[in-house]
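Here the structure is laid out as structure tokens; the discussion comes afterwards.
The values are calculated or read from the model by the stated rules, or taken from the named source; none is laboratory data. What you see is a predicted model; the values in this text were computed from it and never measured. Note that each Cβ is placed from the backbone with ideal geometry, even for glycine, and that neighbours are counted across all protein chains shown. Note: accessible area is taken over every heavy atom of the protein model, side chains too, but ligands, DNA and RNA are not part of it. Shrake-Rupley method; radii C 1.70, N 1.55, O 1.52, S 1.80 Å.
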Amino acid sequence: MDASPEMGRVIRLLNLRRLTSIRLRMVIAVVAVAAGSSLALSVVIVSESISHSIKQLSQEVATGANLRVVGATSTGGVNFAALHAAASTPGVAEAIPVVQAITVVRTKPRHHQTVVVLGVTCGASALFPAPACATSTSSPPSGIFIAPALQRRLVGSSWLQTDDGLQSLRTATANPALDHVNHGDVVVMSLAQSQREFDRIGRVDDVYLVPVADVSARALRARVARAVGAWDGVVNATSAPPAVSLALGAFTPILALLALLAAAIAVVLMYNVISLTLVERRREHAIIASIGAPPSVLVLGPLLEAGVLGAVGGLVGAAGGVILARPIISTVSTFALGLSGVPITEHTTPSTFVVGVAVGLVIGVLAAAVPVRRAMRVDIAAELSGREQRERSSSRATWRAAMTYTAVAVAGAVVAWFGERNGSLNSWQPAAAFLGFGVTTLSSILALGAWTPVFIRFLSSGRRRRGGVVRLGLANLVREPGRTGVMAIAIGATVGVAFITGSYNHAIDQDIASGLAKSPQAHGVVVTTVAGGNGFNTDARIPTGVLSRLARLPGVTDVDHYDDVLAGYTPGHLTLIESDSRPTFHLHVYAGTADAAALAHGQVVVGANLARRDHLRPGALLPVDTPSGFVSVRVRGIWDNGDATGDNLSMSVAEATRLFGAQHPAAVALVVAPGTSPASVVAAARAAHLGSYLKYATPAKELRTSQSSISSQLAPFLVLQRALLLVSFISVLSTLLLVGVQRRREFGLLAAVGMTPKELFRMVVAEALVVGVVAAALGSVVGFLSLATLLDVTPLVAGYHDTYAPDLLSLAVYAPIAVVVAVAAALWPGWRASRTPILEALTYE
């Protein structure tokens, strides 16, 4: 007889049939998984939204193209020689050159809209209306075309900012087809005009390739790559611009770490549900085992049940992830506008919910693994004879576990410190830093859960004179270290994350202020344009004629030019090339030297991440992508510059001009004469009417702007941090509710010997209060250690090495909030305990 049908029938009766009736613990399991998985899934949704928004613009620009030639630099990197080579490659049906600039349109006074300016030929027929190209398919259209949606927001004085100043939009022609391009935030002009307006004479940004029918895209890509040269790239037509990949790659890993933390908490919550369920079914499982059921029934059944509950929770979590992703997408969209001109809009597909089900399934199975293994070791004879087999952890075992986790956490912090030392230039150091960070994070969380019952035992031993209700509650927490640890981890992790986020923001503010004080801007005026202030990849910079007029302002002794060029075309090989007419070297130098004399002789100073990526040391030659080919420069030093996640090099303005041509500066600093106030220089500049598109910032305003920008960048982390408060609430609520079911007999006995409903309520709430206070305190301690290891790894992903600056204010705010959340979560379980029927509870097994 085949045992498989019988085994399936037993699993259906024992496990799956229970899922057809809604029970409290099932609801709690689903909500617990949903709360944890929603944070992880929000990161997935953000990633999908970014990819979709970028792809959408590329598809709208050149319908039918599936490849794109990109240059050695992010703007104007493809010269006409590369364009001709690509167009002449066998298998290319059409090569569409495109200028894709990012600038702003003034729609009304004091309001500016970031737009994409597309310079195209009549070959891009989807973008130009037929009348504009009626004379010849090769003749360029004249004038400026805008979307009707954008035109409706314009006033008579509206303008488009270019590298030459302002271009009036009063005579712009509305093209209805453009309403569907970049949500209408697009301006189209001829290729020749866009090259003049945005300093791209003889160059374009991209060349979209339409292949001949039946030609393999993979083979054509290799063929075109050989034709254009290794310094130019051939990528998918819908690939994200390099600048977007570079900027978003800085904080995506940190978001992913917080999402993993939330998923780990979900595993702990689900573990709590499965453990209690299997404890209550011990006698049932013992009967099944005694009549000859195979062990696989006792293993597969609970795993399947946990997997189903986890999958349902993951599905609900996907819906929650959509809600959490919205404020994160809003922040990311602000960056993307400055880097690509493309707003990021929410994009959710059925695959998001499929991923949610998969994540929930994994959480459920992982959570059930240990409880199932423990259930397999049940003493069948003891269970059948009615001898209760509750597992308790001795105080010595709890103390030993706490000491072990703490020692491992400290060891991980030491490893992370060694991995970060001296810029982490050795190949083994990044792996060591991340390993140490991971070990410290996991071990410190486990240590928090283990230390909480130890400290509560200490508190209970010193409170003999307190009331019996509180003393009994403390005894319950000590007797059940597992459930106490579950609540403590969720509460303490919330406090720790709040402390880390606040301290990180505090450290960045301090470092910005310190860096500004050591730079030329400390006693000058920073001048940018409305468009140039949005990001390093924007166009429409300061015109040459304006620079000479700025230099003649009263009180200005010099004009410090600084600019940047993003070289490369693949996310892992991008380099930000910075040049400054008055370079300063106030950052720490890890190797070699950093001085203006070296830059004047054509040498460069590189960031630590670039040095590690390309295995550079002082004296090494570094090949740099330029529009005309690779040019090698010699490395003079390696320093702690975090721009572009540390993938940067600094060279002189003369060397940058030699390699990339003359550049309009993105910003300048007006050096103010001694005795002259920066505010008076700003007043003189505005009185000179140099251009309504110029922005002036005194040192104080520049500091406020920089700090405000950083705060907005940290907004996604604040969203996840507050979501963790919800996870903490669910953790305490679910734990106390589930344990309340397990303790029904205990509650009934206490009520039978005289404990009033009010005292039962107070006992449950007191347990949550004590756990909340102890966990908040221990979470603060964990935060100090985790902050140190986080600062060891952030230079590897974000580039910047921030100061260790604990933010005690965040502890003063979030520790009480976490305690209040814990107490609030205990109100319903306390009410249920106070309503326990005595007779029914005394007969409960």
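Just a few scattered comments:
- Per residue accessible area of region 547-677, 1.4 Å probe, in Å²: 40
- Accessible area per residue for region 772-819, computed on protein heavy atoms with a 1.4 Å probe, is 36 Å².
- As a calculated quantity, the FRET efficiency between PHE630 and ARG421 at R0 = 51 Å, using C-beta atoms, amounts to about 0.95.
- GLY436 sits among other residues whose Cβ lies under 9 Å from its own Cβ, and their net charge, with Lys and Arg +1 and Asp and Glu -1, is -2.
- In region 749-813, the chymotrypsin sites (Phe, Trp or Tyr not before Pro) that fall in loop regions by DSSP, at most 14 other Cβ within 10 Å: TYR804
- Förster radius 51 Å - calculated FRET efficiency between VAL370 and SER88, Cβ distance, rounded to 0.05: 0.20
- Segment ARG152-THR238, extension gain: residue separation times 0.36 nm, minus the distance between their alpha carbons: 28.0 nm
- Alpha carbon centroid spacing (whole Å) that separates region 141-214 from region 59-86: 17
- A crude spin-label estimate for the pair SER351 and ALA654, with each label 7 Å from Cα along the Cβ direction, gives 5.2 nm.
- Looking at region 515-609, the trypsin sites (Lys or Arg not before Pro) that sit in a DSSP loop and have at most 16 other Cβ atoms within 10 Å of their own Cβ are LYS518, ARG552.
- Paramagnetic reach from ALA752 (point 7 Å along Cα→Cβ, amide N under 13 Å) across region 815-838: 837-838
- Cα gyration tensor of region 24-85 - equivalent ellipsoid semi-axes, whole Å, descending: 46, 12, 7
- Take the Cβ atoms of THR171 and ILE201, set R0 to 25 Å, and the FRET efficiency comes out at 0.55.
- Kirkwood hydrodynamic radius (C-alpha pairs) into Stokes-Einstein, region 755-816, 4 °C and 1.567 mPa s, D in µm²/s: 91
- Each Lys and Arg adds +1 at its Cβ and each Asp and Glu adds -1 at its Cβ; summed about the Cα centre, region 556-619 shows a dipole of about 400 debye.
- Sorted largest first, extent of region 597-686 alpha carbons per principal axis (Å): 48, 29, 25
- Neighbourhood net charge (15 Å Cβ-Cβ; Lys/Arg +1, Asp/Glu -1) for VAL332: -1
- In terms of the mean number of neighbouring beta-carbon atoms within 10 Å, the peptides 309-321, 658-670 order highest first as 309-321, 658-670.
- Length gained when the stretch LEU621-ILE323 is fully extended (0.36 nm per residue, less Cα-Cα span): 102.4 nm
- Placing a label point 7 Å from the Cα of ALA81 along the Cα-to-Cβ direction, the residues of region 602-643 with a backbone N closer than 13 Å are 626-631.
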